[in-house]
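Here is the structure we will look at.
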Amino acid sequence: TPLAIDLSDGPVVLSGTTEDMMGKTLATDASSDSGCGGEGGPDVVYQITLEERSLINAVVTAPYYARLYVRAADCAEGDVVYCGANELQTTPLDPGTYFLFVDSDASSQKGNFTLAVSLTPAVLPENDTCDGAMPLIFSPGGVATHSSSTLYSLDQYQSWCETGVSGPDVVYSFTAGTGQSISITVQSDEFEPVLALYKSECGTSEPFTCSDDGSLIVPNQAGDNYFLVVDGDDEKDWGAYD
């Protein structure tokens, strides 16, 4: 019996409890997740419906250490898509129904709390996939520049240069002639760019080459169509870049 939260008009702040001060409202330990905690503590659950791709933001103020986690589609058995302690901001979630749990790690960690919940729209970049790769336009001197952001893009591609869990990425396309050298530099103050360069086909196999420091050089190549993936090394390694 989750309590529905209507976020259509903006952020919501509400009061809740897993046991009130008089001990008259008692929540059971009905849910938990081994990766997120909540084993042993009483819990309550809220239902959130996303009409558009968004991030769910939640903050609990309580006199105990709260555990928060979000399940998708099914309250009892749905996949846990994100978790946090006292507060969380999920990665982008597709439209659908989600369940937000307020929980704790022990039976003694219970009581009244204040819950603040809001949504952040997460619009996909146009060049989020290989199918929507953005063509790079070169000057007569052979230089192409572009400024954009990987914010809220999907994690679609991964190269051997990534040491983490892989992050959000966007894709560019260009053609290089026989004998031409390729030099690529991506700079960002918000994340460490990881680059992957695919040859002939985009994202269907291992990249032709990659780099974890934001720069790539391919000297005197044989000429082909190339696809450049600008990536991150963690789930929220995203942001503006040049």
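The values are calculated or read from the model by the stated rules, or taken from the named source; none is laboratory data. What you see is a predicted model; the values in this text were computed from it and never measured. Glycine also receives a Cβ, built like all others from the backbone with ideal geometry; neighbour counts cover every protein chain displayed. Side chains are part of the model used for accessible areas, which takes the heavy atoms of the whole protein and leaves out ligands, DNA and RNA. Shrake-Rupley method; radii C 1.70, N 1.55, O 1.52, S 1.80 Å.
Brief remarks on what is shown
- Three-way shape call for region 99-242 based on the alpha-carbon gyration tensor, with the a/c threshold at 1.5: prolate
- A P(r) calculated from all alpha carbon pairs of the chain, with 5 Å bins opening at zero, reads 1, 6, 12, 15, 13, 11, 9, 8, 7, 6, 5, 3, 2, 1, 0, 0 percent.
- Solvent exposure of region 64-146, expressed per residue, is 50 Å² of accessible area, with all protein chains present and a 1.4 angstrom probe.
- Under 5 Å, built H, 5+ apart or other chain: amide partners of A85: L68
- Residues considered: S148, S54, S159. Largest GNM mean-square fluctuation over the chain, using C-alpha springs under 10 Å, is found at S148.
- Set of lysines near K24 by C-alpha distance (under 27 Å), chain-local residues within fewer than 8 positions excluded: K110
- In the elastic network of the chain, a GNM with C-alpha springs shorter than 10 Å, the most mobile of L151, L14, L88 is L14.
- Highest-fluctuation residue, S104, S211, S139 considered, GNM on the chain with Cα pairs under 10 Å: S139
- Computed label-point distance, nm, for sites T28 and A4 using a 7 Å Cα→Cβ extension: 2.4 nm
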